[in-house]
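The values are calculated or read from the model by the stated rules, or taken from the named source; none is laboratory data. This is a predicted model, so every value here is computed, not measured. Cβ coordinates were reconstructed from backbone atoms using ideal geometry, including for glycine residues, and neighbour counts include every protein chain displayed. Heavy atoms of the whole protein, side chains included, go into the accessibility calculation; ligands, DNA and RNA do not. Shrake-Rupley method; radii C 1.70, N 1.55, O 1.52, S 1.80 Å.
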Amino acid sequence: MNFSEVFKQSNQLCKVSPDGKYLATCVQYRLVIRDVNTLQILNLYTCLDQISHMEWSSDSLFILCAMYKRGLVQVWSLEQPDWHCKIDEGSIGLVSSRWSPDGRHILNTTEFHLRITVWSLCTKAVSYIKYPKACQKGLDFSRDGCYMALAERRDCKDYVSIFVCDDWHLLRHFETETQDLSGLEWSPNGCVLAVWESCLEYKMLLYSLDGRLLSTYSAYEWSLGIKSVSWSPSSQFLAIGSFDEKVRILNHITWKKIAQFEHPAIIDNTKTVYKEIEKRPAVSSDEMSLHDITVASSLFSTQSKYDISPLPVQIPVVKPDPDRANPKIGVSALAFSSDSRYIATKNDNMATAVWVWDMQKLRLEAVLEQTSTIRCFQWDPRRPRLALCTGNSKLYLWSPGGCVSVQVPAEGNFSQKNSCFKFFF
C-alpha cells in the first residue's frame, strides 16, 4: 500500500470526485483541487468565509462550498475556473446545502427548516418547498436520480411528498402512519421507500412509488426502537439495527424477517475472531536528549498486528449510563458490501468490535476486536474488503482472506480522526 504526503485540511472536509479523478480539500476558506494520480494542485479557489460543507456534483464538473454562518453558498467550475456562482439566503439563514442528482440544481434548507429552496444553475430559476421536517434523514433521492422523497410536518402530522427531479413538480403526497417520523430511504432499485419511526417506537413502514403502504414491521413494543437502517445494494434485503443490540433482516418479497443477528458478549460460534495486539518498539533513553526522545516517539510509534483468538472470546462491554440521554447502546452502524454478500455492524456498547456477517449463510463470519473505539468503517466498492479506523495512525483492512493493520507513514502526531474515508480507483 502506497501513501502520499500529508495534506492540510479543515473540518474534515476532504472528498474524492465521483469520477475518481480529483481530490478536493478545504483549508479554512480555501478550496484546493488536486489530480488524484499526480496529487498536483490543479485549481485553488478562495471563498468569502470559512467553509462549513463541501460537495461534488454528480458529474464532477462543479463543486459547492457552503458557509452556514453567513448563509452563503459558492459554486466553482472545474472546466471554467473563472466562472463562479454565489447564492445568498439572506436573513432566513442556512443549515444545509446539497446537490440534486443532475448536478445542475442546489437544494438549500433554511434555519428552523422553514423551507427548501431549489436553485437552478442553468436557468437561474428558484423553486420553494414548504414544511420540510427536521429529522434524522428527511430527504432522499432515488438511485436513478428521477425522484426525491421529502418528509414533511403539517398540522402535527407526518407526510411524505415525492417530487419529479426534472421539473420539481409534485408526483405524490400522502400521510404516513407515524407519530414522529425519523427518516426515509429509497431502495437502490427505486421501487420501495422505507420510512421509520423515531427511536421511541419500533416501527418500519414500506411504501410504493405511488404512496401505497406495502407492509409494516414492528419487532417489539414499549422500548427504544430503530437506531440504524441500511438497504443491500441488490435491494433484496433491508437491515434494521435497534437499541436491543440486534439486527433484523427483512426480505423484499414478503417483507418478513428472515434472519436476526445478535451481538453477545461471549462469542463461541464464529469462524474467526481477530484481536488487535499492540507492541511498542523498545528505545533506550539513557543517553538521549529531550529532542531525540520526541523524534523517536514519532518515528517508533506503536506497532500492531492481529492474532486469532481461541474460542470462546469475551468482548469488552461498556454499561450505558441510564441517567443520560442517547445511551451508548444498540446497533448504530450498518453497511453492506458491494456484492451484498456481507454486512458489517457495530454495537455501541461494544465500541471496540466490528461484526461481519455472511448473508448467504446468514451467520457470523468474523469479529474484529480493536484496542480503541472504532470511529468508522466502509466497504470497498469493487470487492468484499472492509476498511476501518480508530482515530490513531493506522488503517485496518478485513477481507475473507484475513486481516491486516497498516501503519500510515507520517511524521509527528498524525491520527485518523475523520468520521469517514473513501475507497477510490
> For residues in the range 201-228 being part of a loop (DSSP other than H, G, I, E, B) and in contact with a Gly (Cβ under 6 Å, 6 or more places away or on another chain), which is surrounded by the most Cβ atoms within 10 Å (Cβ to Cβ)?
Replying inline: Tyr202
>> Just to be sure I understand, how many residues within the range 360-379 are of a type in the set (A, V, I, L, M, F, W, C), more than 15 Å from Lys271 (Cβ to Cβ) and either open to solvent by less than 10 Å² (accessible area, probe 1.4 Å) or assigned to a loop (DSSP other than H, G, I, E, B) (or both)?
In response: 1
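Among the residues of the range 229-284, write down those that are closer than 15 Å to Ile315 by Cα and part of a strand (DSSP E or B).
Restricting attention to the range 229-284, the residues satisfying the condition of being closer than 15 Å to Ile315 by Cα are 245, 262-270, 272-277.
Of everything in the range 229-284, those that are closer than 15 Å to Ile315 by Cα and part of a strand (DSSP E or B) turn out to be Glu262, Ile266, Ile267, Thr272, Val273, Tyr274, Lys275, Glu276, Ile277.
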> Which of the residues that make up the range 351-372 are among the aliphatic types (A, V, I, L, M) and more than 17 Å from Cys389 (Cβ to Cβ)?
Replying inline: Met359, Leu362, Leu364, Ala366, Val367
>> Restricting to the range 229-277, name every residue that is polar (S, T, N, Q), surrounded by fewer than 20 Cβ atoms within 10 Å (Cβ to Cβ) and either out of contact with any Asp or Glu (no Cβ under 9 Å at 6 or more places or on another chain) or modelled with pLDDT under 95 (or both).
In response: Ser235, Gln236, Asn251, Thr254, Gln260, Asn269, Thr270, Thr272
> Looking at the range 296-355, which of its residues are over 26 Å from Val406 (Cβ atoms) and of a type in the set (Lys, Arg)?
Replying inline: Lys319, Arg324, Lys328
> Residues of the range 147-179 being open to solvent by 30 Å² or more (accessible area, probe 1.4 Å) and among the polar types (S, T, N, Q), which ones?
Replying inline: Gln179
>> Residues that are within 28 Å of Pro409 (Cα to Cα), open to solvent by 80 Å² or more (accessible area, probe 1.4 Å) and among the β-branched types (Val, Ile, Thr), at least 1 per element: which strands (runs of 3 or more DSSP E) completely within the range 1-92 meet that?
In response: 41-46
